[in-house]
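Here, each number is a calculation from the coordinates, and none is a lab measurement. Small disclaimer: the values here were computed from a predicted structure and weren't measured. Ideal geometry is used to build each Cβ from the backbone, glycine not excepted, and the neighbour counts take in all protein chains shown.
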Amino acid sequence: DVKVTQSSRYLVKRTGEKVFLECVQDMDHENMFWYRQDPGLGLRLIYFSYDVKMKEKGDIPEGYSVSREKKERFSLILESASTNQTSMYLCASSSRGRSSYEQYFGPGTRLTVT
Amino acid sequence: GENVEQHPSTLSVQEGDSAVIKCTYSDSASNYFPWYKQELGKRPQLIIDIRSNVGEKKDQRIAVTLNKTAKHFSLHITETQPEDSAVYFCAASPNAGNMLTFGGGTRLMVKP
């Protein structure tokens, strides 16, 4: 069974703190993604990684960085959290194979920055 | 980059009626169009997708149509049931699904 897990379901941090969100997948997928989900705005791509140590900026990378040291793990880093980064963060993974482009999502981390 | 607009933002139907959700995209290079369903408190899951070489795809009560000329695609749900109540997201990708641009979502409510 496909599985994508995220380190926390709920997180409360203070403005200026450094925040780490971790995502692990057990499907040997090449691609991993970080999205943020806000009402009315859908899912917006923050960063995408297509291989270990490789990354591409998505639509809203400002204020975020990522790390992918191992194939199964993709971390999102908020260097200095701000209140406008309060959101639901979703991780996803997919295979680079040609048969299916399905993205499998984690359960999400609801981050509140106060 | 790609821009995807989705309408309506909310849709309420009676059980047994049909529901239609429409999306438009801006990048003519987009070639992959998935639809995800997100039930309350759960993660989004793929329900159907279509590639640009076909105009329509069906899976039981769900169908998706694609008009490449007009750059729009639609999700059709027939004989709606209360368990169809969820938020539905359309998306488009110019690179075989490696990077998706999502629409804003449609909250579908099916009244029993």
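Mind checking the mean number of beta-carbon atoms from other chains within 10 Å of the Cβ atoms in A:36-48?
Taking all residues of A:36-48 together, the mean is 4.
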- prompt: Quick one: net charge of B:SER12's neighbours, Cβ under 14 Å, K/R +1, D/E -1?
  reply: -1
message: If you average the C-alpha positions of the stretch A:55-114 and of the stretch B:9-79 separately, how far apart do those two centres end up, in angstrom?
response: 24 Å
statement: Per residue of A:103-113, other chain Cβ atoms within 10 Å number on average 3
field: For the stretch B:98-112, 3J(HN,Hα) per residue [Karplus equation, 6.51 cos²θ - 1.76 cosθ + 1.60, θ = phi - 60°, Hz, x = Gly/Pro]
entry: 5, 9, 9, 10, 9, x, x, x, 10, 8, 9, 10, 10, 8, x
- prompt: Which residue fluctuates the most in chain B, going by a Gaussian network model with Cα springs under 10 Å, if the choices are B:THR24, B:THR69, B:THR101?
  reply: B:THR69
message: Suppose a student asked you for the relative contact order of the stretch B:4-112, using Cα pairs under 8 Å spaced at least 6 residues apart; what percent would you report?
response: 38 percent
task: Compute the Cα gyration tensor for the stretch A:40-106, then decide on rounded, prolate or oblate, letting a ≥ b ≥ c be the square roots of its eigenvalues: rounded whenever a/c is under 1.5, prolate when a/b is larger than b/c in the other cases, and oblate in all that remain.
output: oblate
- request: Within 10 Å of each residue's Cβ, count the other Cβ atoms and sort A:ILE46, B:ILE48 from fewest upward.
  value: B:ILE48, A:ILE46
- request: Using all C-alpha to C-alpha distances in the stretch B:24-88, build P(r) with 10 Å bins and read off the rounded percent in each one.
  value: 20, 49, 27, 4
statement: P(r) over all Cα-Cα pairs of the protein assembly as shown, 5 Å bins from 0 to the longest distance, whole percent per bin, short to long, reads 1, 7, 15, 18, 19, 16, 12, 7, 3, 1, 0
statement: Looking only at lysines whose Cα falls under 25 Å of B:LYS22's and that sit 8 or more positions away or on another chain, we get B:LYS37, B:LYS42, B:LYS57, B:LYS58, B:LYS68, B:LYS71, B:LYS111
query: If the cut-off is 19 Å between C-alpha atoms, which lysines fall inside it for A:LYS71, apart from same-chain ones fewer than 8 positions away?
result: A:LYS3, A:LYS53, A:LYS55, A:LYS57
query: Any idea what the alpha-carbon Rg over 2.2 N^0.38 Å comes to for chain A?
result: 1.01
- line: Correct semi-axes for chain B, from √(5λ) of the alpha-carbon gyration tensor and rounded to whole Å with the largest first, are 23, 14, 12
